[in-house]
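K.L.:
Below is the structure I would like to discuss, written out as structure tokens.
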Ligand SMILES: *[C@@H]1O[C@H](CO)[C@@H](O)[C@H](O)[C@H]1NC(C)=O
Ligand SMILES: *[C@@H]1O[C@H](CO)[C@@H](O)[C@H](O)[C@H]1NC(C)=O
Ligand SMILES: *[C@@H]1O[C@H](CO)[C@@H](O)[C@H](O)[C@H]1NC(C)=O
């Protein structure tokens, strides 16, 4: 049962009413997300820090990340709903990619195979390469469940710290990636990465600000970290088994799984990556499974 209905029913006088009705079915998370409404259709709790949803590239501005057309370029945890002007956020991203990745800095965008499926507290994207991404969120954490099709080679998830929603309107309001860091630790059963990214500008013309992240995968993985030559280009300087990177140039990590079903939890914080780990670990504790109502 979706969280909101659970909470409403916890305070209701008669539980029989709650059992009989599923009010979540009346919520339209995608209201206003097309034709210039720019609302955010992904998952978030009321007033939640995290708004987890897809980032689409169409050649013009994707203010809330979402667009009904275009290519998925990532699934990120922070978004703004309902502004025009210029995109804001679209950071702390993951991108699932099948097969061998020779350069994670190139455009990894991929089309949809069908319209996204937004529900209260749940969102699903179906990629044209057969990968599906299901999402859920708590206040300061997101959960992403990937299903990779068999027969397409390895299952990868790319974490590109330089990923941010760009502006294409030439008004000087585009966000910039200013640098970051990432470190990876693995066990026989799982993977963890943590770090931070700094960015500026966007619709509110912000000075430099930093978000910290901490991500887990529930499957064993091999990984490579990567480092670009600069903050925007696609030239690779490092792409190897180093467990950490820190720079003002583009950086991140590629995680490679033999499993075809992989679930990730990612916490965010504006204070520290340690707090992001706490947010990612405990806020999802009772919510390990992504469920549709
Ligand atoms: C992307 O996918 C949609 C939905 O399947 C389709 O209508 C559209 O033609 C595709 N676009 C491209 C450029 O292939
Ligand atoms: C990563 O960057 C953040 C923000 O600048 C900084 O607080 C932290 O010390 C850095 N971590 C490492 C390992 O360099
Ligand atoms: C996946 O399988 C390959 C080939 O058997 C192996 O080399 C690799 O270590 C495996 N990866 C993980 C994360 O177990």
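K.L.:
What order do you get for 223-232, 49-58 when each peptide is scored by the mean count of other beta carbon atoms within 10 Å, highest first?
P.N.:
Answer by packing, highest mean first, reads 49-58, 223-232.
K.L.:
If the elastic network links every pair of Cα atoms under 10 Å, which of 154, 137, 24 fluctuates the most in the Gaussian network model of the chain?
P.N.:
Highest fluctuation among the options: 24.
K.L.:
Rg (Å, one decimal) plus Dmax (Å, integer) for the alpha carbons of the chain?
P.N.:
18.5, 63
K.L.:
Compute the normalised compactness of region 70-181: alpha-carbon radius of gyration over 2.2 N^0.38 Å, N being the residue count.
P.N.:
Region 70-181 yields a ratio of 1.12.
K.L.:
Related question: As a test of the definition: which semi-axes, in Å, follow for region 43-118 when you take the square root of five times each eigenvalue of its alpha carbon gyration tensor? Largest first, please.
P.N.:
22, 14, 13
K.L.:
Sort 33, 240 so that the residue with the fewest other Cβ atoms within 10 Å of its own Cβ comes first and the one with the most comes last.
P.N.:
Going from least to most buried by this count: 240, 33.
K.L.:
Could you order the peptides 180-189, 260-269 from most to least packed, using the average number of other C-beta atoms within 10 Å per residue?
P.N.:
260-269, 180-189
Values quoted throughout were computed directly from the atomic coordinates according to the rules given, and no laboratory measurement underlies them. Note that the structure is a prediction, hence the values are computed from the model and not measured. In this analysis, Cβ positions are derived from the backbone assuming ideal geometry, glycine residues included, and neighbour counts consider all displayed protein chains.
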